[in-house]
Amino acid sequence: MSVWEYANPKRFMDTSARVLPWLAALAALCLITGLIWGFFFTPDDFRQGSTVRIIYLHVPAAMMAINAWVMMLVASLIWLIRRHHVSALAARAAAPVGLTFTLIALITGAFWGQPMWGTWWAWDPRLTSFLILFLFYLGYIALWSAIEDSDAAADLTSVLCMVGSVFALLSRYAVNFWNQGLHQGASLSLDKEENVADVFWVPLLVCIAGFVLLFVTLVLIRTRTEIRARRLQHLLLRERMQ
Amino acid sequence: MELRVNNLSCARGGVPVLAGVSFAVAAGQALILRGPNGAGKTTLLRTLAGLQPALAGEVSVGADDVALATHADGVKAALTVAENLGFWAAVHGQRDIAPAISAMNLTALQSRPAGQLSAGQRRRLGLARLLVTGRKVWLLDEPTVSLDAASVGLFVQVITTHLANGGLAVIATHIDLGLTAAQTLDLAPFKARLGALP
Amino acid sequence: MELRVNNLSCARGGVPVLAGVSFAVAAGQALILRGPNGAGKTTLLRTLAGLQPALAGEVSVGADDVALATHADGVKAALTVAENLGFWAAVHGQRDIAPAISAMNLTALQSRPAGQLSAGQRRRLGLARLLVTGRKVWLLDEPTVSLDAASVGLFVQVITTHLANGGLAVIATHIDLGLTAAQTLDLAPFKARLGALP
Amino acid sequence: MIALFLRDLRLAFRAGGGFGLALAFFLLVAVLVPLGVGPKAATLALIAPGILWVGAMLSCLLTLDRLFATDFEDGSLDLLATAPIPMEGVVLAKAAAHWVTTGLPLALLAPVLGILLQLPGPAFGWLTLSLLIGTPALSMIGAFGAALTVGIKRGGLLLSLLVLPLYVPTLIFGAEVVQRAGQGAPLQSPLLLLAGITAGALALLPFAAAMAIRVNLR
Amino acid sequence: MIALFLRDLRLAFRAGGGFGLALAFFLLVAVLVPLGVGPKAATLALIAPGILWVGAMLSCLLTLDRLFATDFEDGSLDLLATAPIPMEGVVLAKAAAHWVTTGLPLALLAPVLGILLQLPGPAFGWLTLSLLIGTPALSMIGAFGAALTVGIKRGGLLLSLLVLPLYVPTLIFGAEVVQRAGQGAPLQSPLLLLAGITAGALALLPFAAAMAIRVNLR
Ligand code: HEM
Ligand SMILES: Nc1ncnc2c1ncn2[C@@H]1O[C@H](COP(=O)(O)OP(=O)(O)OP(=O)(O)O)[C@@H](O)[C@H]1O
Ligand SMILES: Nc1ncnc2c1ncn2[C@@H]1O[C@H](COP(=O)(O)OP(=O)(O)OP(=O)(O)O)[C@@H](O)[C@H]1O
Ligand SMILES: [Mg+2]
Ligand SMILES: [Mg+2]
C-alpha cells in the first residue's frame, strides 16, 4: 500500500480518528513529564539562576515554529504536484499552529531576555529572523482567509509558501550579514564541547518530543476540522444550487 | 475550423454547474445559448475560452483561436477609443483598426476618451475589439446589452459578415437577435446533478 | 404625487446633453424613455434623482421621493442577499424585506453571498432593493439588462403593482417591456444644440 | 446611520474585509525601519516615538482608500445620496467605522511595537493615550481626503498626497507627547493641542467631506 | 508585450494615471519622518539611509495594487489571458512599466531627499546606484504579490502584508550599501548581493506570478 492512500480524505479521516487519541495522550504525557521535571526537579543554573527553566518552553517552541513552516512547504509542494486536497488542507491547518509556536518562542524569549540581557527585545539576527518568520505566517494566513474559493486559495498559498521559503532563507542570511548578535548558538548539537549539562538536557529532550507530538496532534485535529468544513461548505453550496 | 464540444462539465466557484454538454458548430455557423438566469451560460463561455479548466470533457479549439467578449469589455477609460482598439490590435498582431471602427459606427467617437462614452457606446467599442483580434471563434456573453435598435442591427451585420468569412460564434443572450444561420442550445437540461462528495 | 418636469436642460461631464425636456407623469403611470445610445437617458435620470444639478428648468419632486436603480446596483459582494436588502431597508427606515425577496424570486438565494450570483440574479437583487425603499418615484436605467424572460415578467409585475399602489416610474430601456399604462418619450429631439461657448 | 456603521463593521470583519491588515502593516513598518536603520538600541530609542506615530499614520492612510471608493464603484454612494440620511451622517458613520477598525486597534497594539523599537519605559502609556486621542482626527481627516478623491480610480496614492500634509499637526503633537513622556518632560500642552485638533476635525470636516462627495457624484 | 508596456506607460502618464504620485509620496515620507523624529542633524544623518530605503519601498508598494487590479476589474486581464502573449510576458511587461514609472524616478529623486535627511556626502552616488540596482527587484516581487491578490477587491493592504516581508533582503542590502558608503566602509559584498537578488527575482518570479494570475482568473 502506498503512502498516497492516506491522501484520500475518507481514509485519512478513518486513520487519523484511530491514531489521534494515542497521539494526544502521548503528547500530554511527554509535556507533563518534561515540564514538571524541568521546572521542579532541575538545579538552578550557576549563571542564569532559575530563569534557565524558560528553556523548556522556549527551545521546543522555537524549533517547532521552523519545522511547521517546513512541513507547510512540503505539503504545498505535494498539493501543487499531486493535487491531494488533504495536503493542501494540512498546510492550511499547520499555519496557525506554527504561528502560535512562533509567538510562544518570541514571548518566552522576551521574558528570558529581560533578566539575561536587560532588555525585552534586541535586534539580534536570530530574534529578527524569527520576527520575519512571524510576518510570513501572518501573510500566509491572511491570504488563505482572504480568498473564498478553496482550491484557488490552496494554489495561491502554495505558491506563496514556496516563494516565501526562498525569501525567508535569504532574509535569514541577510539578517546575519546585518548584525552580529547576542543570542546563544546551537547548543544541542551532539558533537559540541559546550553542550548544556545533562541535567538540563534530558528533560529538554522530553519537552521537545512533547512539542513535536503536540504539533502533530494539533495539525491532525485541525486538518480534520478543515476537511469537515470543506465538506460542509460543499453541502451548503449544493443546497443553494437547487 | 470547427468548434466541437464533447461531454463537457464545468464548475463555478467550486460547484459543478453544467454536465454533459455536447455540441458542434461548423465554420459559418452561430450557436445561440439560452437558459434562465444562473443556468451557466457565462460559466460555459469562460470554460470554452480556456479561462477555467473543465471538470471533464473536451473542447476542440484552443485558447489561441477564440476571442471572448464579456460584460467587462477591457476598455481603459483614460485612453481614447482609437487607442483602446489600437492596443488590442497590436496585442493580436493586427495593424488596421479602421474597418473595426467604421463597422461599429465609432468614427465620430474615435478620439473621445473611453471614460466619456455612454453605456451603449462603450459596448460598441467592446464589440469592435472582436474585429481586431483576427480570431475565428467568437464567444459572446450578452453582447447586445445597452445597445439601441440601430446598434443591434450593426452588430448583427458584423456577425453575419464574420460568419460569411468562415468564422463562427457562440452567443449567450436573452433576446432574439434575428440571426439566420444560427442553431439554438438551451442549457437548462444540462444542469449538473449532485455527485459524490469530493 | 406627480412628477412634472419643465423645460429641463442637463449636462454630462460639463457638456450640455439635453435641453428643453418637459413631461409629466401622474401617480399610477409609467414613462418609458427611449433614444439611441448616447441620447442622454442616463443623464436625465441622474438629474431627476438630484445627483447632478440641472442646467435649467424644474423638477417637481425632491431627492427624498425618488428611488434610483442604475447599472451599478449597490450590491456588496461580501454580504448575503438578505443582508444587502436588510441594509437598504434599514437605511430607508423600513423593516420587512420578505415581500421584496419573494417578489423578485430571491427566496432560494437569500443566504447566498451576493458575489456568487450570476449577472441576472444580481440584477434581480438590485431591483428588489427598490421595494424596500418605500419611495413612490422609481427611476430605472435599463432595468432588464441580463434578465431572462421569466424575470422580466416578474419585474413587469412588480412595476404594475407599484403603479397600482399609486407609485410612478420613469424607465430608460431599449427593449419593449409590454407595460400597459405607459407613455413613451423619445429623447432624440431634445438633443442640446451647441450654444455659445460658456 | 447606525445601519451604515454596522454594515461597514460587518464588511470589515468578513473574509477579505481587511480587518487586521492595518495592524499587520503597522507591525511591518516597525520591523522594517530597524532593518533599514540598523540595530543599535540607542538610535532606535531616539526615533521610536516618531517612527511609531508615522507608522500609525501610514497604516491608517492605507485603509482609507476603501472608505468611499468601494461604495462609489458599486453604486452604493449614489443610492446613499438619495437615501434619507444626510451625507454628513454618512461621512460620520463611515469615519467612525474606520476608526473602530483601525485607529482603536492601532492604539492598543502600539505598546507592543514600542518594545521592538526600544521605546523608553515611561512613554508606553502615553503612546497609547496619544494614539487614542489622535487617531479619530486621522480617520476624520482621512475621510475628507477620501471624499475628495472618490471619483478617481485607485486614487489611493493621490489620497495620500492630499491627506499627509493635513496630518502634520496631529503627527507633530502626537509624537511630541510621546517624546516628552520618554524624557519625563511636561506634556500637557501638546496633549491638549492634540485633543483640540481631534475635536475640531470632528466638528467641521464632515461638512466639507459631504460637500466633496456631492460634487464627485455629479 | 511591447504594446502592453507602452500602453501601461501611457496610462501612467495620462491624467489620473498616477505618475509622479509615488515620487510625491516618497517626498512626504522624507518630510514626515524629521517632523516625527525631531530636527537634530546628527540623528537624521544616522537614520537617513534606512529611512530613504524604507521610503522608496513604501512608495513602490503603494503603486503596486494598481498593477493588475485595474486590468482585472475591467476585464482586460481575461482578454490578455486569451491573447497570443504568454502570461509570463504580460507580467514582465507590466513589472517593467511599473519600474520605469516608479523605481527609476525614485532612484533619480533620492539624492535630493538625501539632502533633506542630512545624508553624508559620499553616500549620494551610492544611494542612487543601490536604488537603481534594487528597485527592479522591488517591482518584480511586487508584481508577484499583486498577482496573488488580484482577485481581491482593494487588496492593497493585504498586498503590503505579503510583499513587505519579501522585501526584507533587498532592504537590508540596499540600506547597508548606503550606510557603508556614508562611513567609507567597503561595500562590494552588499552591492553584489543586491544585484544577485534582483537577477534571481527577474529570472524566477515571472513564472510564479503568471501562475497566480491564471489561478485567479479561474
Ligand atoms: C524574543 C526573543 C527570542 C527569540 C525569538 C528566540 C528564538 C530562538 C530560536 C529561533 C532558537 C532556535 C531553536 C532551534 O532551532 O534550535 C532559540 C534557541 C535558544 N534560545 Fe532563544 N530566542 C529569544 C530569546 C532568547 C533569550 C533571551 C535567551 C537567553 C538568554 C535565549 C536562549 C536560547 C537558548 C539557550 C536556545 C537554545 C540554543 C540551541 O540549542 O539552539 N533565547 N531561540
Ligand atoms: N463566484 C461564484 N461562486 C459560486 N457560484 C457562482 C459564482 N458565480 C456564479 N455562480 C453560480 O453559478 C451558476 C451559473 O452562473 P452563470 O454566471 O454561469 O449563469 P448565467 O447563465 O451566465 O446567468 P445570467 O443569465 O444571469 O448571466 C449560478 O447559479 C450562479 O449563482
Ligand atoms: N463622463 C462623461 N463626460 C463627458 N461626456 C459624457 C460622459 N458620460 C457620457 N457622456 C456623453 O454624454 C452623452 C449622454 O450620455 P448618457 O450616458 O446619458 O446616454 P444614454 O442615453 O444613457 O446612452 P446609452 O443608451 O448608451 O446608455 C453621450 O453622448 C456620452 O457620450
Ligand atoms: Mg451570465
Ligand atoms: Mg445609459
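Just so it is clear, none of the values below were taken in a lab; they were calculated from the coordinates. All of these numbers come straight from a predicted model, not from anything done at the bench. A quick note on method: Cβ atoms are made from the backbone with ideal geometry, for glycine too, and the neighbour counts reach across all protein chains shown.
Within the range B:88-133, how many residues turn out to be within 13 Å of ligand 3 (Cβ to nearest atom) and under 18 Å from E:Ala3 (Cβ atoms)?
Looking only at that region, the number is 2.
Restricting the range B:25-41 to residues that are assigned to a strand (DSSP E or B) and of a type outside the set (Val, Ile, Thr), which is farthest from the chain's Cα centre (by Cα)? So that I can check it myself, show each step before the final result.
Residues of the range B:25-41 that are assigned to a strand (DSSP E or B), as a first pass: B:25-26, B:30-34.
Imposing the further condition that a residue be of a type outside the set (Val, Ile, Thr) reduces the set to B:26, B:30-31, B:33-34.
On the way: B:Ala26: 16, B:Ala30: 11, B:Leu31: 11, B:Leu33: 11, B:Arg34: 14 Å.
In this case the residue turns out to be B:Ala26.
Look through the range B:106-128, keep the residues that are aliphatic (A, V, I, L, M) and more than 8 Å from every other protein chain (Cβ to nearest Cβ), and return whichever of them is surrounded by the fewest Cβ atoms within 10 Å (Cβ to Cβ).
Taking the candidates together, the pick is B:Ala108.
Which helices (runs of 4 or more DSSP H) does the range C:42-133 wholly contain that include 2 or more residues that are within 16 Å of ligand 5 (Cβ to nearest atom)?
It comes to C:119-133.
One line per residue, one yes/no per condition, for (1) more than 16 Å from ligand 3 (Cβ to nearest atom); (2) buried (at least 16 other Cβ atoms within 10 Å of the Cβ); (3) over 17 Å from the mean Cα position of the chain (by Cα):
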residue	(1), (2), (3)
C:Leu139	no, yes, no
C:Thr144	no, yes, no
C:Leu147	yes, yes, no
C:Ala150	yes, no, yes
C:His162	yes, yes, no
C:Val170	no, yes, no
C:His174	no, yes, no
C:Ala192	no, yes, yes
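Can you confirm whether the range B:160-181 contains a residue that is closer than 30 Å to C:Thr43 by Cβ, within 16 Å of ligand 5 (Cβ to nearest atom) and out of contact with any His (no Cβ under 9 Å at 6 or more places or on another chain)?
No, that holds for no residue.
In the range D:28-40, what residues are assigned to a helix (DSSP H, G or I) and at the interface with another protein chain (Cβ under 7 Å from one of its Cβ atoms)?
We begin by selecting, within the range D:28-40, every residue assigned to a helix (DSSP H, G or I); these are D:28-37.
Matches in the range D:28-40: D:Leu28, D:Val31, D:Leu32, D:Val33, D:Pro34, D:Leu35, D:Gly36, D:Val37.
May I ask you to verify whether B:Asp141 is in contact (Cβ under 8 Å) with a residue 24 or more places away in the chain, closer than 30 Å to B:Val17 by Cα and within 12 Å of chain C (Cβ to nearest Cβ)?
yes
Counting just the residues of the range D:103-115 that are surrounded by fewer than 22 Cβ atoms within 10 Å (Cβ to Cβ) and in contact (Cβ under 8 Å) with a residue 24 or more places away in the chain, which one comes out nearest to A:Leu103 (Cα to Cα)? So that I can check it myself, show each step before the final result.
Residues of the range D:103-115 surrounded by fewer than 22 Cβ atoms within 10 Å (Cβ to Cβ): D:104-105, D:107-109, D:111-112, D:115.
The next check asks that each one be in contact (Cβ under 8 Å) with a residue 24 or more places away in the chain; those that pass are D:104-105, D:107, D:109.
Working: D:Leu104: 22, D:Pro105: 19, D:Ala107: 20, D:Leu109: 15 Å.
Within the range D:103-115, the match that is nearest to A:Leu103 (Cα to Cα) is D:Leu109.
Looking at C:Ala69, C:Ala98 in this structure, which one is touching a helix residue (DSSP H, G or I) at 6+ places or on another chain (Cβ under 7 Å) and either more than 16 Å from ligand 1 (Cβ to nearest atom) or away from chain D (no Cβ under 12 Å) (or both)?
Working: C:Ala98 fails: touching a helix residue (DSSP H, G or I) at 6+ places or on another chain (Cβ under 7 Å).
Sole residue among the options that is touching a helix residue (DSSP H, G or I) at 6+ places or on another chain (Cβ under 7 Å) and either more than 16 Å from ligand 1 (Cβ to nearest atom) or away from chain D (no Cβ under 12 Å) (or both): C:Ala69.
Across the range A:101-125, what is the number of residues that are among the hydroxyl-bearing types (Ser, Thr, Tyr) and exposed (fewer than 15 other Cβ atoms within 10 Å of the Cβ)? I'd like the intermediate steps shown before the answer.
Taking the range A:101-125 and keeping what is among the hydroxyl-bearing types (Ser, Thr, Tyr), we get A:102, A:108, A:119.
Applying the additional criterion that residues be exposed (fewer than 15 other Cβ atoms within 10 Å of the Cβ) yields A:119.
Number satisfying all stated conditions: 1.
Give the number of residues within the range E:60-102 that are outside any helix (DSSP H, G or I), touching a residue at least 24 places away in the same chain (Cβ under 8 Å) and surrounded by 21 or more Cβ atoms within 10 Å (Cβ to Cβ).
Total satisfying the criteria: 1.
E:Glu88 passes all but one of (1) at negative phi; (2) within 14 Å of chain D (Cβ to nearest Cβ); which number fails?
(2)
Which residue out of C:Ala39, C:Ala27 is within 17 Å of C:Leu140 (Cα to Cα), buried (at least 19 other Cβ atoms within 10 Å of the Cβ), away from ligand 4 (no atom under 16 Å from the Cβ) and of a type outside the set (Val, Ile, Thr)?
C:Ala39
Can you name every residue in the range B:14-58 that is more than 14 Å from chain C (Cβ to nearest Cβ) and free of Cβ contacts under 8 Å to residues at least 12 places away in the same chain?
If the condition is that a residue be more than 14 Å from chain C (Cβ to nearest Cβ) and free of Cβ contacts under 8 Å to residues at least 12 places away in the same chain, then B:Pro53 is the only one that fits.
Going by the structure shown, is B:Val61 more than 13 Å from ligand 2 (Cβ to nearest atom), surrounded by 18 or more Cβ atoms within 10 Å (Cβ to Cβ) and within 12 Å of another protein chain (Cβ to nearest Cβ)? Walk me through how you get there before you give the answer.
Values: more than 13 Å from ligand 2 (Cβ to nearest atom): yes; surrounded by 18 or more Cβ atoms within 10 Å (Cβ to Cβ): yes; within 12 Å of another protein chain (Cβ to nearest Cβ): yes.
Yes; evaluated as a whole, the condition is true for this residue.
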